[in-house]
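The structure under discussion appears below in the form of structure tokens.
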Amino acid sequence: MIPRPRRHAIKRLLPGLLALAATAFAQVPAAAPRELRVGPGEAFAKPSDAARAARDGDTVRIAAGTWRGDVCVWRANDLTILGAGADATVLDAEGRAAAGKGLWVVQGTNVAIRGVTLRGAACPDRNGAGIRHEADGVLAVTDCRFEGSENGVLSGVATNAVLTFERCVFRGNGAGDGQSHNLYIGRARKLVLRDCASDHAREGHALKSRALETVVERCVFDDGDDGRSSYLVDCPNGGRVRIAGCRFVQSPVAPNGTMVSVGEEGGLHPGSVLDQRDNRFENRRASGTEIRSLVPLATP
């Protein structure tokens, strides 16, 4: 008969065994980031196929072409999604929405998207978005176009999220109910909109932001002669708002005479202040207001 080891002997050996196991686990290399290619003749036929396969740190490269009715959820973190350019790589939801939310639902942290057009998202609650963002961390969107969805971009409550949009176009989004917008940012930490254009929202706002900090620089909000956007910029809870070097053109048929509104809904963020400078305003309505602010103005 083989004698059983005594309990106190096992207790003496256990810390060493655990340390050895931890060391061995730490030495297992993490999976290397990959490039997942989407398109004819590539490993993935559709963007949704790549979304299901993507792991943290991967790059997804989508070829030129139009993908119709292909909607998906992106769950991987530290993900980069590259199109061939907004004129070349087009995602047309054709009235569909992944998870009942959007064409692309972004649930991973630290995601970069560049060079695609997202259009045509719709869902029963009339909040179908080109991008529905649901994560903390950074969402960085560059050289993209959002058009013809119930919301161009819609983000919820992600209090540590930082969302940046550079050289993007938001046009013709909204369900026509005044409650959906070209671009809506919920209670995020920061929104940066730089060198972008947003216009012709369908009764909603060209930009609505509840972020603690909103930075809008060198952007164009031009509804021409027929646009029906409501506010061109709306920061209903104030926050630290900077609007600089922008151009605003209010249509003669706009439903709202105010072009920029800050603090209209109350519930102001601590330290709310509006810093606006070097902006140009053209109101084509019979009457109206360039800026209505219920928060203090920054000292020049």
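The values are calculated or read from the model by the stated rules, or taken from the named source; none is laboratory data. Worth saying up front: this structure is predicted, and the values here are computed from it rather than measured. Methodologically, a virtual Cβ is constructed for each residue, glycine included, from the backbone with ideal geometry; neighbour enumeration extends over all protein chains shown. These area figures cover heavy atoms from the full protein model, side chains too; ligands, DNA and RNA do not enter into them. Shrake-Rupley method; radii C 1.70, N 1.55, O 1.52, S 1.80 Å.
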Out of all the residues in region 179-197, is one or more open to solvent by less than 10 Å² (accessible area, probe 1.4 Å), touching an Asp or Glu at 6+ places or on another chain (Cβ under 6 Å), within 22 Å of residue 93 (Cβ to Cβ) and at pLDDT 95 or above?
yes
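I need the full set of residues from region 123-139 which are open to solvent by 30 Å² or more (accessible area, probe 1.4 Å) and either over 15 Å from residue 180 (Cβ atoms) or hydrophobic (A, V, I, L, M, F, W, C) (or both), in order please. Please lay out each step first, then the result.
The first filter runs over region 123-139 and keeps only residues open to solvent by 30 Å² or more (accessible area, probe 1.4 Å), leaving 124-127, 132, 134, 136, 138.
Residues satisfying the conditions are 134, 136, 138.
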Scope region 169-219; condition within 17 Å of residue 133 (Cβ to Cβ), part of a loop (DSSP other than H, G, I, E, B) and of a type in the set (A, V, I, L, M, F, W, C); matching residues
188, 196, 207, 211, 212
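If you go through region 220-227 one residue at a time, do you hit one that is among the hydrophobic types (A, V, I, L, M, F, W, C), part of a loop (DSSP other than H, G, I, E, B) and surrounded by 23 or more Cβ atoms within 10 Å (Cβ to Cβ)? Spell out the reasoning first.
First, the residues of region 220-227 that are among the hydrophobic types (A, V, I, L, M, F, W, C): 220-221.
From what is left, the residues that are part of a loop (DSSP other than H, G, I, E, B) are none.
No, region 220-227 contains no residue that is among the hydrophobic types (A, V, I, L, M, F, W, C), part of a loop (DSSP other than H, G, I, E, B) and surrounded by 23 or more Cβ atoms within 10 Å (Cβ to Cβ).
Go through 206, 197 for me and flag whichever is within 15 Å of residue 291 (Cβ to Cβ), small (Gly, Ala, Ser) and within 21 Å of the chain's Cα centre (by Cα).
On the way: 197 fails: within 15 Å of residue 291 (Cβ to Cβ).
Of the residues listed, the single one that is within 15 Å of residue 291 (Cβ to Cβ), small (Gly, Ala, Ser) and within 21 Å of the chain's Cα centre (by Cα) is 206.
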Search result, residues across region 288-300 that are closer than 11 Å to residue 250 by Cα and open to solvent by 80 Å² or more (accessible area, probe 1.4 Å)
290
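Take the residues in region 140-156 that are assigned to a strand (DSSP E or B) and of a type in the set (Ser, Thr, Tyr); name whichever of them is least open to solvent (accessible area, probe 1.4 Å). Give the steps one after another, and end with the answer.
Within region 140-156, the first condition is being assigned to a strand (DSSP E or B), and the residues that meet it are 140-142, 145-147, 151-155.
Then keep just the ones that are of a type in the set (Ser, Thr, Tyr); that gives 142, 155.
Details: 142: 27, 155: 5 Å².
Step by step, filter region 140-156, then rank; the result is 155.
Residues in region 84-93: is at least one in contact (Cβ under 8 Å) with a residue 60 or more places away in the chain, closer than 22 Å to residue 140 by Cβ and in contact with a Cys (Cβ under 7 Å, 6 or more places away or on another chain)?
Just the residues of region 84-93 that are in contact (Cβ under 8 Å) with a residue 60 or more places away in the chain, to begin with: 86.
Filter once more, keeping what is closer than 22 Å to residue 140 by Cβ: 86.
Filter once more, so that each one left must be in contact with a Cys (Cβ under 7 Å, 6 or more places away or on another chain): 86.
Yes, there is a match, as at least one residue in region 84-93 is in contact (Cβ under 8 Å) with a residue 60 or more places away in the chain, closer than 22 Å to residue 140 by Cβ and in contact with a Cys (Cβ under 7 Å, 6 or more places away or on another chain).
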Return only the number of the condition from (1) within 17 Å of residue 113 (Cβ to Cβ); (2) open to solvent by 10 Å² or more (accessible area, probe 1.4 Å) that residue 161 does not satisfy.
(2)
